[in-house]
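Okay, so here's the structure we're looking at.
Just so it is clear, none of the values below were taken in a lab; they were calculated from the coordinates. All figures in this text were calculated on a predicted structure; none of them were measured in a lab. Quick reminder, even Gly has a Cβ in these numbers, built from the backbone with ideal geometry, and neighbours come from all protein chains shown.
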Amino acid sequence: MLYYNMDASTSQQGQISTAAPLIQSQEHWEEDGDVVIQAKTTLFRIRMSRLVNASPIFEDMFKIGSGQTHPEQETYQGLPLVTFYDEPQDLEYFLEALIRGWWMFSLKLDSTVTLIFSFFI
């Protein structure tokens, strides 16, 4: 289960604050991305439209802010930041499946994990 928080507590400037160094995902860091997703200390920069087109859940989530950054919303490099409370590897798998397709993603996994994911499609 993926858990997220769009209204996480922020520092005074509304910027992300963490003691551990942040790592940009090598697989899911798009230079033209317009939203940043954080899982622990890993950051994923994705085009919002990719997420919205892949899932009505993301569509509803981004409608809440209607694409505007609110003063109390966390940002990273000026982009909205969405915090997920999952392991970075789990979010990496989720984004891979969501963006590239469940069938293509399942080719990389063993049969047990593929069977589990098949229940969600």
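Things worth noting here:
- Database remark: amide H of Lys40 closer than 5 angstrom to the amide H of Phe84, Asp86 (H placed geometrically; neighbours at sequence offset of 5 or more, or on other chains; Pro and chain starts carry no H).
- Extension reserve of the Arg100-Ala20 stretch, reckoned as 0.36 nm per residue once the Cα distance is removed: 25.8 nm
- Sequence ranges 54-62, 32-40, ranked by mean other-Cβ count within 10 angstrom, highest first: 32-40, 54-62
- Proximity of backbone amide H atoms, modeled 1.01 Å from N, is registered between Asp34 and Ile46, Arg47, Met48 at under 5 Å, excluding neighbours fewer than 5 places apart on the same chain.
- Distance between modelled label sites at Tyr85 and Ser49, nm, 7 Å Cα→Cβ extension: 3.3 nm
- Electrostatic bookkeeping for Ile23 treats Lys and Arg as +1 and Asp and Glu as -1; over the other residues with beta carbon under 14 Å from its beta carbon, the sum is -1.
- Inter-label distance, Asp34 to Ile57: 2.3 nm, where each label sits 7 Å from its Cα along the C-beta direction.
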